[in-house]
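Undergrad: The structure is given below, and queries will be raised subsequently.
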Amino acid sequence: MSDLRTTPLHDRHAALGASFTDFGGWSMPVRYTSDLAEHHAVRTAAGLFDISHMAEFELRGADAASTLDRLLAGRISTMKVGKAKYSLLLNETGGVVDDVIVYRRGADDFLVISNAGNRTLVAAEFGAPLTPSAGGDVTISDVSDDYALIAVQGPRARAIVESTAGIAEVAPALADLGYYAWSAGTFAGTPLFIARTGYTGEDGFELLVPNASAPALWDALLIAGEPHGLVPAGLAARDTLRLEAGMPLHGHELSAGILPAQAGLGRVVALDKDDFTGKAAVASASADLPVLVGLVAEGRRAGRAGYAVLDAAGTAVGEITSGVLSPTLGHPIAMAFVPPALADPGTELFIDVRGTRISATVTALPFYRRTA
Amino acid sequence: MTDQNTLKYTAEHEWVALAGDVATVGITDYAADKLGDVVYVDLPAVGTTVTAGEVCGEIESTKSVGELYAPLTGEVVAVNDAVVDDPASVNGDAFGAWLVKIQVDPADVEALMDHAAYVALTGGEE
């Protein structure tokens, strides 16, 4: 039918009755039964996501850390082994090529997970495959085709992973694992990488395994999760969950034309470190550029990506990047870029919902924050 | 339970049930599945005249906005407020959750697709 790629779990999704969507060049499950039910399950119990479309890069060698310091906006070389860090890959004009998570697996060993749709862009910036890169001891490998990534997200996530048959030798134990850190383990004897990271606003884990082990791990997690209320969840729920949690999605809140500070990610950029791609542009950027805000409204009609944001006079002052009727909160929420003068929480604005003007209030992100 | 074989259908994935000169209109299971969870339904007011093929309302899901096309020309004689209050009922029973009733020329209904033609259109789903 098309050139869409499928993950090692595609047959599992089809057997579960999933609807599929094209996402970043992949045919991915958008929902299994009801995206609202899947969303609520993650907030109250747990959801199981196939996120094998994500891209993975390995950087190894004595100069791996300094190479990442030069490539990414954050300070990677000071990360402790065992930790994870959210970072950004910028272009020369300071725009966001992609947002990534870096995991330090050893003094000279890093894993970088990037978005599926930006894999070739990230690979180009990383110079992959490049062995070794010019002037340093670092080997950069794009291992995306070798691994599957499965996320277990929700308040029951830890109990589920801990009770999954076949998962063993987990160190540190998950009870001792902090957020944005990872454990090593095995699944049925195969190396398993367990990161306490996610994209839902809940506690949870992302499990990286070789492709061949993915279907058995998926099945084992579903069986272990059944008494906890675990359900398979698709990209529709993943999107509404991350939006409630105020997390940016590249292509919406982040893009090659948006500076980190505009998206509220100024803290991610280590301007005090040595030169890195995009540093000069970020350092000299105007403070008058539009900034990302949260908008909340009443009723049930959500502003959607691309809808105009209006001021009291009806003048278009900004644009929505993502919006939905929040399943958890019960009212419309949206993220939008507006001028700094209109970005203070409490500012009254309007959304043009297909010709109908809906009042909306600027609010601090995130919209939803878990309590435990 | 509505007998889907006796209904008429449109290419915009609506079903039509005719009783006398009043056509009851809803969207099909196929359309409800494609939309995902319906969270908002906007219907025309009773007494307004709708025109076949023109947009007369909206059906919004978590993920997308769908337009409701009038399948026939005529005056709206009733709307289903229960669906407006509980949009999820469209997903629960698309063939039970009627949206509008329109007073029509029954001859116009005959021109719509029958069940076999609609199933052919959707590749076997209904």
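Undergrad: Does at least one position in region A:28-35 carry a residue that is among the basic types (K, R) and either away from chain B (no Cβ under 14 Å) or more than 17 Å from A:R238 (Cα to Cα) (or both)?
TA: Taking every residue of region A:28-35 in turn, none turns out to be among the basic types (K, R) and either away from chain B (no Cβ under 14 Å) or more than 17 Å from A:R238 (Cα to Cα) (or both).
Undergrad: Next up: Do any strands (runs of 3 or more DSSP E) entirely within region A:291-350 hold 1 or more residues that are within 14 Å of chain B (Cβ to nearest Cβ) and closer than 13 Å to A:G246 by Cβ, and if so, which?
TA: Qualifying strands (runs of 3 or more DSSP E): A:316-325, A:332-338.
Undergrad: Among the residues of region A:27-39, which ones are surrounded by fewer than 20 Cβ atoms within 10 Å (Cβ to Cβ) and not small (G, A, S)?
TA: Within region A:27-39, just A:T33 meets the criteria.
Undergrad: Identify all residues within region B:26-48 that are touching a His at 6+ places or on another chain (Cβ under 8 Å), in contact (Cβ under 8 Å) with a residue 40 or more places away in the chain and within 12 Å of another protein chain (Cβ to nearest Cβ); write none if there are none.
TA: Correct list: B:Y30 only.
Undergrad: Taking into account only those residues within region B:49-62 that are surrounded by 13 or more Cβ atoms within 10 Å (Cβ to Cβ) and closer than 14 Å to B:V25 by Cβ, which is nearest to the other protein chains (Cβ to nearest Cβ)?
TA: So the residue we want is B:V55.
Undergrad: Checking A:M79 against (1) away from chain B (no Cβ under 14 Å); (2) buried (at least 20 other Cβ atoms within 10 Å of the Cβ), which single condition isn't satisfied?
TA: (2)
Undergrad: For region A:325-334, indicate whether the set of residues that are among the β-branched types (V, I, T) and out of contact with any strand residue (DSSP E or B) (no Cβ under 9 Å at 6 or more places or on another chain) is non-empty. Spell out the reasoning first.
TA: Quick first cut of region A:325-334, residues among the β-branched types (V, I, T) only: A:328, A:333.
Cutting the leftovers down to out of contact with any strand residue (DSSP E or B) (no Cβ under 9 Å at 6 or more places or on another chain) gives us A:328.
The answer is yes, given that some residue of region A:325-334 is among the β-branched types (V, I, T) and out of contact with any strand residue (DSSP E or B) (no Cβ under 9 Å at 6 or more places or on another chain).
Undergrad: Then there's this: As an exercise: evaluate B:N5 against (1) under 17 Å from B:D114 (Cβ atoms); (2) modelled with pLDDT of 95 or more and give the number of the one condition it does not meet.
TA: That leaves (2) as the condition not met.
Undergrad: In addition: Considering only residues that are among the small types (G, A, S) and in contact with a Ser or Thr (Cβ under 9 Å, 6 or more places away or on another chain), which ones fall in region A:150-169?
TA: Kept after step one, since they are among the small types (G, A, S), are these residues of region A:150-169: A:151, A:154, A:157, A:159, A:163, A:165-166, A:168.
Residues satisfying the conditions are A:A151, A:G154, A:G166, A:A168.
Undergrad: Identify all residues within region B:99-113 that are assigned to a loop (DSSP other than H, G, I, E, B) and surrounded by fewer than 21 Cβ atoms within 10 Å (Cβ to Cβ); write none if there are none. Show your work before the answer.
TA: Within region B:99-113, the first condition is being assigned to a loop (DSSP other than H, G, I, E, B), and the residues that meet it are B:99, B:104-105, B:111-112.
Within region B:99-113, B:D105, B:A111 qualify.
Undergrad: Here's a follow-up. Between B:V90, B:V65, which is within 14 Å of chain A (Cβ to nearest Cβ), surrounded by fewer than 21 Cβ atoms within 10 Å (Cβ to Cβ) and either on the phi < 0 side of the Ramachandran plot or touching a His at 6+ places or on another chain (Cβ under 8 Å) (or both)?
TA: On the way: B:V90 fails: surrounded by fewer than 21 Cβ atoms within 10 Å (Cβ to Cβ).
None of the other options fit; the residue is B:V65.
Undergrad: With (1) at pLDDT below 95; (2) within 14 Å of chain B (Cβ to nearest Cβ) as the list, and A:T67 as the residue in question, which single condition is left unmet?
TA: Failing condition for A:T67: (2).
The values are calculated or read from the model by the stated rules, or taken from the named source; none is laboratory data. The shown structure was predicted, so the numbers you read here are calculated from the model rather than taken from an experiment. Note: ideal-geometry Cβ built from the backbone for every residue, glycine included; neighbour counts use all protein chains shown.
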